[in-house]
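A quick write-up on the structure given underneath.
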Amino acid sequence: MIKKIGKGLIRISSAFKAFAQVLSEGGIKKLEVSMLDKHNELENRKIVITGGGSGIGLAVARCCVNAGADVLITGRNERKLREAVHSIGSDSISYLVWDASDADSADLKVQECERKLGGQIDAVVNNAGVPPHEFFPSVSGAEWDRIYLTNGKGIFFTAQAFCKYWINHPSDEYRHLINISSQGGFVGALYPYRMSKWDIRGLTEGLGVQMAPQNVLVNGVAPGVVRTAMQSFAVQQGDNAYCNQNLLKRYALPEEVAELIIFMLSGACNFMVGQTILLDGGYSIKN
């Protein structure tokens, strides 16, 4: 009898907790994400991931290592980069401190990437970015400059430096550049973060045309709401994935974005040029 009462109390407690989550967050969603067995799909590939110390970049790095690649992550915070490398725990990952907003250092940093990876670079995930702090009609000039320094200037000069590197190191094999945009790059833009994501879409299309004859396939991914530090509410909700911003009423996990990127880096995706793929739970098409 005592055991039955105990189980009943647990069920009641769980029910109250679920009810509280509905009141505070609007609903409850539980996630189960399947990951494909990629074996050694990226074996011997040398891949650079900017902004790789956390969030989507770190998830991509982990997936690339698991798929057999040698990976170099970059970012401006050395402590985060060290912790990220330690968390993956593989001899196939290393890091380089690189502030993507420093446009003048981009060409030299690409050379450092090649030295650290010990060979020619096969792919780049251009992921470095900063989140918005101010929104229309209260956007300051300082906020504009802060966003565009990394999300605009940084993304462009990183892409240009790697494309220049590939032009100077021609290959019969396909190389890949994946630019990370956002669902905000597919809807109306009223503040600099979203405008920068529109810019990334345009850059991806332009570079796609320019670089395809060089066997460099330039494409992009536009994630929706993903459980990262940028979306603090998603982290605070714990294992409740509820989000009312899209048709699926949930946020995505970084690993879901990473799975798509691994496919785009693989030999199974060598006929895509200049496309930015939405992964937003239907946000951009809802009425």
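The numbers here are math on the coordinates, done by the rules we state, and not lab data. The structure displayed is predicted, hence computed values, not measured ones. Note that each Cβ is placed from the backbone with ideal geometry, even for glycine, and that neighbours are counted across all protein chains shown.
When Lys and Arg each count +1 and Asp and Glu each count -1, what net charge do the other residues less than 10 Å away from Phe135, Cβ to Cβ, add up to?
Computed value for this residue: -1.
What residue among Ala100, Ala67, Ala128 shows peak mean-square fluctuation when the chain is described by a Gaussian network model with Cα springs under 10 Å?
Fluctuation is largest for Ala67.
Once both axes come from the Cα atoms, what is the angle between helix 192-211 and the longest principal axis of the chain, in degrees from 0 to 90, rounded to 10?
Approximately 40 degrees, to the nearest ten.
Using the Karplus equation 6.51 cos²θ - 1.76 cosθ + 1.60 (θ = phi - 60°), what ³J(HN,Hα) coupling, rounded to whole Hz, does each residue of the stretch 159-164 give in order, writing x for Gly and Pro?
Karplus-based 3J(HN,Hα) across the stretch 159-164 equals 4, 4, 5, 6, 5, 4 Hz.
Which whole-number percent gives the relative contact order of the chain, counting Cα pairs below 8 Å spaced six or more residues apart?
Relative contact order here is 19 percent.
How big is the convex hull of the Cα atoms of the stretch 96-163, per residue, in Å³?
Value for the stretch 96-163: 86 Å³ per residue.
Convex hull over the Cα atoms of the stretch 118-269, averaged projected area in nm²?
10.8
Helix-only mean residue ellipticity at 222 nm, the chain, DSSP H runs n ≥ 4 weighted -39,500 (n - 2.57), per residue, nearest 500. What is it?
Mean residue ellipticity, 222 nm, calculated: -13000 deg cm²/dmol.
If I model a spin label at Glu78 and Ala189 as a point 7 Å from the Cα along the Cα→Cβ vector, what separation in nanometres do I get?
My value for the distance between the label points is 3.5 nm.
What is the extension gain from Asn215 to Ile285, computed as 0.36 nm multiplied by their sequence separation minus the C-alpha to C-alpha distance, in nm to one decimal?
Gain on extension, Asn215 to Ile285, equals 21.9 nm.
To make sure I understand, if each residue's beta carbon is the centre and we count other beta carbons within 10 Å, what order do Phe135, Phe157 fall in, fewest to most?
Phe135, Phe157
Take the chain, connect every pair of alpha-carbon atoms lying under 10 Å apart with a spring to form a Gaussian network, then pick out the residue of Ser182, Ser101, Ser87 with the largest mean-square fluctuation.
Ser87
Can you give me the convex hull volume of the Cα atoms of the chain, divided per residue and expressed in Å³?
With only Cα atoms used, the chain gives 159 Å³ per residue.
From the cross-link list Lys80/Lys109; Lys197/Lys249; Lys46/Lys249, which pairs have alpha carbons spaced over 28 Å apart?
Long pairs (Cα-Cα over 28 Å): Lys46/Lys249.
Would you mind checking which residues have amide H under 5 Å from Val216's amide H? H placed 1.01 Å from N; only 5 or more apart, or other chain.
Residues meeting the criterion, in which the H sits 1.01 Å from N, are Arg175.
Calculate the translational D of the stretch 37-138 in whole µm² s⁻¹ from Stokes-Einstein, where the hydrodynamic radius comes from the Kirkwood formula applied to all Cα pairs, the temperature is 25 °C and the viscosity 0.890 mPa s.
It diffuses with D of about 176 µm²/s by this estimate.
Most fluctuating residue of Phe136, Phe156, Phe186 in a GNM of the chain with Cα springs under 10 Å: which is it?
In the Gaussian network model the winner is Phe136.
Under 18 Å Cα to Cα from Lys164, which aspartates and glutamates show up? Leave out anything in the same chain fewer than 8 places away.
Once the sequence-local aspartates and glutamates are set aside, what remains near Lys164 is Asp102, Asp104, Asp107, Glu112, Glu114, Asp122, Asp172, Glu173, Glu205.
For helix 55-66, report the angle its Cα long axis makes with the longest principal axis of the Cα atoms of the chain; keep it between 0 and 90° and round to the nearest 10°.
Between helix and principal axis, roughly 70 degrees.
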